[in-house]
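Chemist: This is the structure I want to talk about, given as C-alpha cells.
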Amino acid sequence: MSKRKQKIADAVIFVVLLLGGLTMLVPFLWMVSTSFKEPGTLFDLPIQLWPDKLHWENYQRVLTAVPFGRWYLNSLIIALGLTFLNLTSGALAGYAFARFSWKGKDVMFLFSLITLMIPAHVLIIPLFIIMSRLGWIDTYYALILPGLFDAFAIFLMRQNFISLPRELEEAALIDGATPWQIYWKIALPLAAPALATLGTFTFLAGWNSFLWPLIATNSIEMRPLTVGLAVFNNQFTTEWTVLMAGLSLATIPPIIVFLAAQKYFIRGLTLGSLKG
C-alpha cells in the first residue's frame, strides 16, 4: 500500500473513531444538560440542548432531600472493598495457577472458568439465604464479601503471569529469594498493567451494582447511590432533573479511576493474548 493510500486509510479510521467517540458522549452531555434544566421542561418542544439559565437548585435538592453523602460513602466503600479483595485474591490465585504445580490444578482452574457461564441472577437466592443465616443482611459484609473471589480476575492474572519470563524469577531464586519475595517484588510489579485493568473493571462493577445491593439492604442508610437515587423515580412521575443531578455527581469517581489507570489500561487489555 502506498503512503498516500495509507494516510487516507488512517484519516478515515480517525474520523470514524472520532464520530464514534462523540456519539458515546451524547448521553453523558444530555445527562449534564438535563441536570441544569428547570423541573418540568425536559420534554418541552423544541428540544433545548442546553438551558438558558442554570438551575443549581437541582443539585441542592439532591444533596439535601436525601442522605446523598451517606449513599456516596457507601458506594465508595463497596467499590473500593471489592477492588481490594479482587486484586488480592485474583493476583494470588492467578500466580498459583501460573507458576506452581500441584495436583488437580488444571481441573480446579477449569471449574473456576465454568463459573463464568453461570448467570449472576441464579445465585441471588442461595446467596441471600447464606447472608441471612449469617446475620449479614443490611451490612457491608453482605455487599462486599460475595465478591471475594472472581473467576475473571483469576483468569486475567493467570494469563498475565504466564506471559512473564521465567528467567527473572529463576535468577531471583538463585540469589536466595523466597517464593513470596519473588511474587511480591518481581511478579507483582511487572503485573501493574493487568492490576490496573482489573482494578478499573472491578471498581466500575462495584460502583454500578444495583440488583444485589437492592436485595441485601433494608435501611436507607445502607443503600449505595444506584439504589438510593431510585427514590426520585416515583410510581407515577420521575423527577428527571434532580435524578440527573445525582447521576452527574455519581460519574465523578469512575472518571477519576479511569483517568488514573488510563496509561496501563490499553496495554492490560491485551495481556495474555499470545500465550495460553
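Chemist: Kindly evaluate Thr251 against the criterion of being touching a Lys or Arg at 6+ places or on another chain (Cβ under 8 Å), of a type outside the set (A, V, I, L, M, F, W, C) and at pLDDT 85 or above.
Modeler: Taking the combined requirement at face value, the residue does not satisfy it.
Chemist: How many of the residues making up the stretch 22-78 are farther than 26 Å from Gly206 by Cα, touching a His at 6+ places or on another chain (Cβ under 9 Å) and either in a helix (DSSP H, G or I) or open to solvent by 60 Å² or more (accessible area, probe 1.4 Å) (or both)?
Modeler: Qualifying residue count for the region: 2.
Chemist: Can you find a residue that is closer than 30 Å to Leu73 by Cα and under 18 Å from the mean Cα position of the chain (by Cα) anywhere in the stretch 130-139?
Modeler: No, the stretch 130-139 contains no residue that is closer than 30 Å to Leu73 by Cα and under 18 Å from the mean Cα position of the chain (by Cα).
Chemist: Take the residues in the stretch 79-112 that are loosely packed, with under 13 Cβ neighbours inside 10 Å and closer than 21 Å to Leu145 by Cα, then tell me which one is modelled with the lowest pLDDT.
Modeler: That would be Phe111.
Chemist: How many residues does the stretch 95-129 hold that are under 23 Å from the mean Cα position of the chain (by Cα) and either in a helix (DSSP H, G or I) or not assigned by TED's automatic domain parsing to the domain that holds Ile220 (or both)?
Modeler: Of the residues in that region, 14 qualify.
Chemist: Still on this model: Any residue in the stretch 98-123 that's closer than 21 Å to Arg166 by Cβ: show its pairings with residues that are part of a helix (DSSP H, G or I) and of a type outside the set (Ser, Thr, Tyr) at Cβ separation under 6 Å, as long as the two are six or more apart or on different chains.
Modeler: Once the first residue is closer than 21 Å to Arg166 by Cβ and sits in the stretch 98-123, its partners that are part of a helix (DSSP H, G or I) and of a type outside the set (Ser, Thr, Tyr) give Ala98/Arg158; Ala98/Phe161; Ala98/Ile162; Phe109/Phe97.
Chemist: Output the residue which, of all residues in the stretch 250-260 that are of a type in the set (A, V, I, L, M, F, W, C) and out of contact with any Ser or Thr (no Cβ under 8 Å at 6 or more places or on another chain), is surrounded by the most Cβ atoms within 10 Å (Cβ to Cβ).
Modeler: Going through the qualifying residues, I end up with Ala260.
Chemist: Can you name every residue in the stretch 186-207 that is more than 23 Å from Pro224 (Cβ to Cβ) and surrounded by fewer than 19 Cβ atoms within 10 Å (Cβ to Cβ)?
Modeler: Across the stretch 186-207, the qualifying residues are Ile186, Leu188, Pro189, Leu190, Ala192.
Chemist: Six or more apart or on different chains, Cβ under 7 Å: which pairs go from a residue in the stretch 226-249 that's within 19 Å of Gly69 (Cα to Cα) and aromatic (Phe, Trp, Tyr) to one that's open to solvent by 30 Å² or more (accessible area, probe 1.4 Å) and modelled with pLDDT under 80? Could you list them?
Modeler: Phe232/Thr238
Chemist: Out of all the residues in the stretch 138-172, which are crowded, with 20+ Cβ neighbours inside 10 Å and of a type in the set (S, T, N, Q)?
Modeler: Correct list: Asn160 only.
Chemist: Among the helices (runs of 4 or more DSSP H) confined wholly to the stretch 141-249, which include 1 or more residues that are out of contact with any Ser or Thr (no Cβ under 9 Å at 6 or more places or on another chain), more than 30 Å from Ser101 (Cα to Cα) and of a type in the set (Phe, Trp, Tyr)?
Modeler: 211-216
Chemist: Check off (1) more than 22 Å from Ala261 (Cβ to Cβ); (2) in contact (Cβ under 8 Å) with a residue 40 or more places away in the chain for Gly147 and give me the number that stays unchecked.
Modeler: That leaves (1) as the condition not met.
The values are calculated or read from the model by the stated rules, or taken from the named source; none is laboratory data. This structure is a prediction, so every number in the text was calculated from the model and none was measured. Note: ideal-geometry Cβ built from the backbone for every residue, glycine included; neighbour counts use all protein chains shown. Just so you know, the surface numbers come from the protein's heavy atoms only, side chains and all, with ligands and any DNA or RNA stripped out. Shrake-Rupley method; radii C 1.70, N 1.55, O 1.52, S 1.80 Å.
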